[in-house]
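> Quick one: the structure is below, and I'll ask about it shortly.
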Amino acid sequence: MTAQPASSAFRVALTGGIASGKTTVANLFAAHGGPLVETDLIAREVVEPGQPALAAVAAAFGTDVLDPEGRLDRRRLREIIFSDASARGRLEAILHPAIRAEMERQSAAAANSGPYQVLVIPLLAEGGRRSHVDRVLVVDTPESVQVARLMARDAVTREQAEASLRAQATRAARLDMADDVVTNTGRIEDLRDQVAALHSQYVNFARAQQPH
């Protein structure tokens, strides 16, 4: 994939379904010395008190989405967007531009920190944007494994876990956009080997992309 990102670094978007093991894979890449830019962390930062995005969310959904300390009441906001599809769209219209802008800022700041960057973007398939990265890496896990992990991790029922999967892009949709795939069936040794091979590949891609 040829891209023209704001950052001059070679950029890999790491994505995958809920409970697929994205964090584990991201940490394995970080162990090789490359910078990570994590949109889940950014999504929390942009709605901290005092941030423009938090004020915009409160203006759009009412001050009852704030707790007594003025912080975002995530549970209340989730209740609103899960019961109203249009509300989810309004929320995304507020948050996504702020998240993208901060992602680009962090990426540019880390442009010379390693031969390539890993941008951890869980909802890449849902957002439909891939032109801002050079490669898309999908962490792939059987849905039955995702359900079992969700039930154990979040103490939810099977029905709730399956509903969480249905709320995301399908496994097939993610794989369709993948340039590379890490298969996660639970063995850390297997993940470590796959990441090591991809690390070498990405270093070579990054070197080839540099002007001569």
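The values are calculated or read from the model by the stated rules, or taken from the named source; none is laboratory data. Quick caveat: nothing in here was measured; it's all calculated off a predicted structure. Every residue, glycine as well, gets a Cβ built from its backbone with ideal geometry; the counts of neighbours run over all protein chains shown. The area values use the complete protein model at the heavy-atom level, side chains included, leaving out ligands, DNA and RNA. Shrake-Rupley method; radii C 1.70, N 1.55, O 1.52, S 1.80 Å.
> Could you point to the residue in A53, A163, P97 farthest towards the positive end of the chain's charge dipole, with +1 and -1 charges on the Cβ of Lys/Arg and Asp/Glu respectively?
P97
> What is the magnitude of the charge dipole of the chain about its Cα centre, with +1 placed on the Cβ of each Lys and Arg, -1 on the Cβ of each Asp and Glu, and no other charges, expressed in debye to the nearest 20?
200 debye
> Name the shape class, rounded, prolate or oblate, that the alpha-carbon gyration tensor gives for the range 130-198, where a ≥ b ≥ c are the square roots of its eigenvalues, rounded holds for a/c under 1.5, and otherwise prolate holds if a/b is larger than b/c and oblate otherwise.
On the way: a/c = 2.91, a/b = 1.41, b/c = 2.07.
Since a/c reaches 1.5 but b/c is at least a/b, the shape of the range 130-198 is classed as oblate.
> Ok, one more. Pick from A178, A98, A85: which is most flexible by mean-square fluctuation in a GNM of the chain where alpha carbon atoms under 10 Å apart are linked?
Greatest mean-square fluctuation among the candidates belongs to A85.
> Take every DSSP beta bridge whose two residues both sit in the chain, then give the antiparallel share in percent to the nearest 5. Mind dumping the intermediate values first?
On the way: 1 of 18 bridges.
Expressed as a percentage, antiparallel bridges in the chain total about 5.
> Hey, could you grab the Kirkwood Rh for the chain? Inverse mean 1/r over distinct alpha carbon pairs, Å, one decimal.
Kirkwood radius, the chain: 18.4 Å.
> Work out from phi, with θ = phi - 60° and the Karplus expression 6.51 cos²θ - 1.76 cosθ + 1.60, the ³J(HN,Hα) of each residue of the range 167-179, listed in order in whole Hz, and give x for Gly and Pro.
Each residue's phi maps through the Karplus curve to give 6, 9, 4, 6, 4, 4, 5, 5, 5, 5, 9, 7, 8 Hz.
> In addition: Counting other Cβ atoms within 10 Å, which chymotrypsin sites (Phe, Trp or Tyr not before Pro) in the range 103-212 have at most 14 and lie in a DSSP loop?
none
> A further question on this structure: Quick one: helix 52-61 against the long Cα principal axis of the chain, what's the angle to the nearest 10°, folded into 0 to 90?
40 degrees
> Can you tell me the accessible area per residue over the chain, all protein chains present, probe 1.4 angstrom, in square angstrom?
Details: 11120 Å² over 212 residues.
Accessible area per residue, the chain: 52 Å².
> Once you've got the GNM for the chain with C-alpha springs shorter than 10 Å, pick whichever of G50, G33, G21 has the biggest mean-square fluctuation.
Answer for the Gaussian network model of the chain: G50.
> Also, I was wondering about something else. What does the charge count near Q146 come to, summing +1 for each Lys or Arg and -1 for each Asp or Glu among other residues with Cβ under 13 Å from its Cβ?
For residues surrounding Q146, the net value is +3.
> Specify the residue with the greatest mean-square fluctuation among A196, A172, A53, computed from a Gaussian network of the chain linking alpha-carbon atoms under 10 Å apart.
Highest fluctuation among the options: A172.
> In whole percent, what relative contact order does the chain give with Cα contacts below 8 Å and a gap of six or more residues? Numbers along the way, then the final one.
Values: 284 pairs, mean separation 78.5, N = 212.
Relative contact order comes out at 37 percent.
> Per the 1.4 Å probe, what fraction of the accessible area of the chain, in percent, lies on carbon and sulfur atoms?
51 percent
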